[in-house]
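For reference, the structure is listed below as structure tokens.
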Amino acid sequence: MKTVLITGAASGLGRALALRFAREGADICIADINAEGSQETLNLVRQAGGQGWVHELDVRSEIQWLQLQDAVQQRWGRIDVVINNAGVATGDRIDAGEWAWWEWVIDINIKGVALGCRTFTPMMKKAETGHFINVASLAGLMKAPSMASYNATKAAVVAISETMHFELMPYGIGVTALCPGFFRTNLDHSMKTSDPDMLKFVDKVFEASALNADDIAEAAYQAMLKNQMICNPHSVGRRAYFVKKYLPFLYRRGVLKMAYGLKKREQQRQSAAQVQQQESAS
Ligand SMILES: NC(=O)c1ccc[n+]([C@@H]2O[C@H](COP(=O)([O-])OP(=O)(O)OC[C@H]3O[C@@H](n4cnc5c(N)ncnc54)[C@H](O)[C@@H]3O)[C@@H](O)[C@H]2O)c1
């Protein structure tokens with residue numbers, strides 16, 4: 001039986017991945033900071049005929065990762081798949097929002113993934129087998145304006161994964177960076193932004209997604225079987241990345257259009273705020 005550890009499995013994509021691997025008869029460690037959501041995922045896994053266990057984990061804590069390593073060693077004595085999925089979102093212009101939000105998103109999205117990889121690589125090396133799926137985003141490949149901190153963390157996850165893909169291949173270990181575009185989860189609930197339009201935008205692109213969390217989990221599973229380095233599951237994401245690489249003038253035009261649209265909206269908001277200020281002063 002495959003042993004699979006999934007961070008951030010209390011919700012969204014992590015839960016869908018848990019259910020996908022449960023269908024393969026895997027034993028699943030649901031590792032999340034949200035104990036209640038983790039228990040719900042475990043119940044769903046069991047209802048689907050699978051099995052698993054919950055381990056409370058804050059991916060930012062090296063000590064907690066070492067404790068999880070001990071728990072995995074005692075329970076399984078090995079690990080087949082580690083999915084570094086836990087993540088949060090930020091969305092702001094470079095000169096807006098709080099610096100603390102940069103630190104928060106970097107700690108969870110980059111350091112959390114790096115710690116997960118560092119913790120479980122020795123166990124996989126010893127067994128000369130295993131696979132890491134690191135959940136990045138299309139934002140790691142395409143850099144939309146007004147999302148510098150989130151884009152930076154996801155580009156870092158792609159960089160970590162590409163590095164590990166080759167570094168660990170001689171040890172029989174596979175590594176995949178999963179790069180989906182937006183799809184409906186609870187990611188918007190944790191999103192930190194000072195831009196009132198950002199959540200509306202996220203809601204709109206969530207709705208527009210042709211894929212749901214189950215589809216993304218299926219794509220990740222198939223990519224793992226092929227040891228694909230980058231999995232870009234949305235067809236619109238694949239097209240956009242193709243345009244960026246091979247038709248840079250079109251890419252530039254599209255992103256600039258977006259940037260000017262954002263500038264216009266910012267100016268409209270500023271003048272509306274000024275009018276409001278004047279009205280309340282008079
Ligand atoms: N939903 C999208 O549109 C989308 C697109 C591309 C990439 N992603 C990525 O998919 C991954 C999963 O996100 P989701 O969309 O399912 O969102 P979600 O909010 O539904 O799930 C995220 C999970 O991560 C957990 N988590 C947050 N901080 C944690 C921490 N410090 N330690 C442990 N667990 C923590 C949360 O409790 C939650 O269960 C993230 O890395 C996200 O960046 C999502």
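The values are calculated or read from the model by the stated rules, or taken from the named source; none is laboratory data. Not measured: the values here are computed from a predicted model. As a convention, Cβ positions derive from the backbone with ideal geometry for all residues, glycine included, and neighbour counts pool all protein chains shown. Note: accessible area is taken over every heavy atom of the protein model, side chains too, but ligands, DNA and RNA are not part of it. Shrake-Rupley method; radii C 1.70, N 1.55, O 1.52, S 1.80 Å.
When ARG46, ARG60, ARG20, ARG253 are compared by accessible area at a 1.4 angstrom probe, the order from most to least is ARG253, ARG46, ARG60, ARG20. Counting protein heavy atoms only, the stretch 3-235 has 52 percent of its accessible area on carbon and sulfur, 1.4 angstrom probe. Can you list the lysines whose alpha carbon is less than 23 Å from that of LYS143, not counting same-chain residues fewer than 8 positions off? Candidates past the 8-residue exclusion: LYS111, LYS154, LYS192, LYS200, LYS204, LYS244, LYS245, LYS257, LYS263, LYS264.
Find, among the GluC sites (Glu not before Pro) in the stretch 93-178, those assigned to loop by DSSP (not H, G, I, E, B) with at most 12 other beta-carbon atoms within 10 angstrom.
Sites meeting the loop and neighbour criteria: GLU98, GLU128.
Packing-based ranking of 192-204, 148-160 yields 148-160, 192-204, ordered from highest to lowest mean Cβ neighbour count within 10 Å. The stretch 60-83 and the stretch 135-186 have Cα centres lying 22 Å from one another. Packing around the peptides 208-217, 238-247, taken as the average count of other Cβ atoms within 10 Å per residue, puts them in this order, highest first: 208-217, 238-247. Annotation: per residue accessible area for the chain equals 51 Å², rounded to a whole number [probe 1.4 Å, protein chains only]. Taking the simple approach of a point 7 Å from Cα along Cα-to-Cβ for both LEU247 and TYR171, what is their distance in nm? Label at LEU247, label at TYR171, 4.2 nm between them. P(r) tail, the chain: Cα-Cα pairs separated by more than 24 Å, 51% of all pairs.
Within the chain, the selection of entire DSSP H helices by a Cα span of 27 Å or greater along the long axis and an average Kyte-Doolittle value of at least -1.0 returns 148-167.
Counting only protein heavy atoms and a probe of 1.4 Å, the accessible surface of the stretch 242-282 is 57% carbon and sulfur.
Report the label-to-label distance for LYS126 and ASP70 in nanometres (one decimal), using points 7 Å from each Cα along the Cα→Cβ vector. For LYS126 paired with ASP70, the spin-label model returns 1.5 nm. From the alpha carbon centroid of the stretch 18-48 to that of the stretch 241-274 is 40 Å. For SER282, the solvent-accessible surface with a 1.4 Å probe is about 120 Å², rounded to the nearest 10.
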